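The values are calculated or read from the model by the stated rules, or taken from the named source; none is laboratory data. What you see is a predicted model; the values in this text were computed from it and never measured. As a convention, Cβ positions derive from the backbone with ideal geometry for all residues, glycine included, and neighbour counts pool all protein chains shown. Side chains included, ligands, DNA and RNA excluded: accessible areas come from the protein's heavy atoms. Shrake-Rupley method; radii C 1.70, N 1.55, O 1.52, S 1.80 Å.
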Amino acid sequence: MTEKLFAAIDLGGTKIYTVIADSEMKILSRIQLLTPAREDTRTLLSSLAGSVHAALERAGAGRHSLAACGICVAGFFDCRSRLLLDSPNLPQVNNLPLEKELEEMLGVPVLAENDANAAALGEARFGAGAGSRHMAYVTVSTGIGAGLVLDGRLFRGNRGFSGEIGHMAVKPDGPPCGCGRRGCLETVASGTAIARNAQEMLASARKTALADIKGKITASDVFTAAAAGDIPAREIVDEAIHYLGIGLVNLVNLLDPEVLVIGGGVANAGEALLAPLRSILTEKAATHIAKHVELKKAALGRDAGAIGMLCLLRESRLGRH
């Protein structure tokens with residue numbers, strides 16, 4: 001009898017990342033495609049199903065080998081109604097019964113989850129938080145989100161919306177947020193915010209090495225310039241870290257985790273980001289909490305969400321008989 005395989009999809013605003021794994025969670029193939037972000041719902045769903053079929057082919061397996069599929073996506077996934085209510089970068093999937101639609105296209109059970117929740121579970125089981133019972137995962141990228149693994153289990157809250165740290169108000173008079181409010185953490189500390197502040201600084205005609213960069217400035221560019229001694233870049237980085245630190249202090253004071261994991265593209269700055277955040281936690285978090293929380297960089301990279309979905313499939317026993 002041919003062994004049944006499992007698919008996991010990480011659906012982002014710009015890419016569809018799909019893996020195929022066996023029953024022991026060994027990844028057999030990976031494939032990354034561009035997200036048809038401006039196309040209609042049916043086109044997007046067809047691309048998702050196509051990514052699974054292409055990954056199966058790359059693994060040397062037929063479509064009949066697929067037992068179940070997991071998919072994670074940024075946005076508000078209602079774990080009670082099983083509806084993806086709102087995805088900021090993919091409005092065509094708003095109020096979509098994503099699981100049902102993909103099940104019809106793939107012919108197997110499908111399980112959906114918020115991407116930060118999935119990445120948190122992946123890091124808790126096989127990444128930087130392995131061995132811990134209480135872990136908070138914060139992703140700092142285009143936006144900022146969090147996933148919580150408490151007492152060894154994924155914590156979703158009432159409807160699955162826990163961990164929206166990116167919409168914690170840290171600067172009430174700050175920039176407007178896509179959620180309709182002002183001063184949310186992701187408006188002042190995300191990769192998007194860092195890049196935006198750099199562009200605004202360039203417009204002020206201050207002398208900076210960032211002016212020599214051709215093309216669109218990224219958060220990585222700003223961290224690189226800051227490390228090289230560029231004062232305006234250093235100011236931008238320091239401000240972002242200040243506000244991110246406020247968010248993390250509030251998070252650890254509330255949850256008392258063993259491990260706090262930082263992921264997302266901005267985490268690639270490494271100790272340039274983590275070292276000052278550790279200092280902020282030591283200085284500003286409750287003393288008896290701060291001295292027992294370990295701040296780490298995420299370990300699984302782009303596989304975090306997919307591995308988290310494989311964990312959920314295994315723990316739910318979906319597709320297993």
Would you pick out the residues in the stretch 171-193 that are open to solvent by less than 50 Å² (accessible area, probe 1.4 Å), over 19 Å from Gly13 (Cα atoms) and either in a helix (DSSP H, G or I) or in contact with a helix residue (DSSP H, G or I) (Cβ under 7 Å, 6 or more places away or on another chain) (or both)? Gly174, Pro175, Cys184, Leu185, Val188, Ala189
Consider only pairs whose beta carbons are under 9 Å apart and that are at least six residues apart or on different chains; among these, list those whose first residue lies in the stretch 284-305 and is more than 17 Å from Ile246 (Cα to Cα) and open to solvent by 60 Å² or more (accessible area, probe 1.4 Å) and whose second residue is of a type in the set (D, E, K, R) and part of a loop (DSSP other than H, G, I, E, B). His288/Asp256; His292/Asp256; His292/Glu258
Can you name the residue in the stretch 136-150 that is assigned to a strand (DSSP E or B) and out of contact with any strand residue (DSSP E or B) (no Cβ under 6 Å at 6 or more places or on another chain) and is also most open to solvent (accessible area, probe 1.4 Å) among such residues? Leu150
When (1) assigned to a loop (DSSP other than H, G, I, E, B); (2) free of Cβ contacts under 8 Å to residues at least 24 places away in the same chain; (3) loosely packed, with under 14 Cβ neighbours inside 10 Å are applied to Glu3, the one that fails is (2)
Residue among Ser141, Ser87, Ser132, Ser81 that is modelled with pLDDT of 95 or more and of a type in the set (S, T, N, Q): Ser132
Determine whether the stretch 34-47 contains at least one residue that is open to solvent by 60 Å² or more (accessible area, probe 1.4 Å), more than 18 Å from the chain's Cα centre (by Cα), under 27 Å from His167 (Cα atoms) and among the charged types (D, E, K, R). yes
Counting only residues that are assigned to a helix (DSSP H, G or I) and within 21 Å of Gly129 (Cβ to Cβ), how many does the stretch 151-170 have? 2
Restricting to the stretch 121-131, name every residue that is open to solvent by 20 Å² or more (accessible area, probe 1.4 Å) and outside any helix (DSSP H, G or I). Ala130, Gly131
How many residues, within the stretch 202-225, are more than 25 Å from the chain's Cα centre (by Cα), open to solvent by less than 20 Å² (accessible area, probe 1.4 Å) and of a type outside the set (Val, Ile, Thr)? 2
Mind checking whether some residue in the stretch 82-103 is out of contact with any Phe, Trp or Tyr (no Cβ under 6 Å at 6 or more places or on another chain), closer than 16 Å to Phe6 by Cα and either touching a residue at least 40 places away in the same chain (Cβ under 8 Å) or open to solvent by 60 Å² or more (accessible area, probe 1.4 Å) (or both)? yes
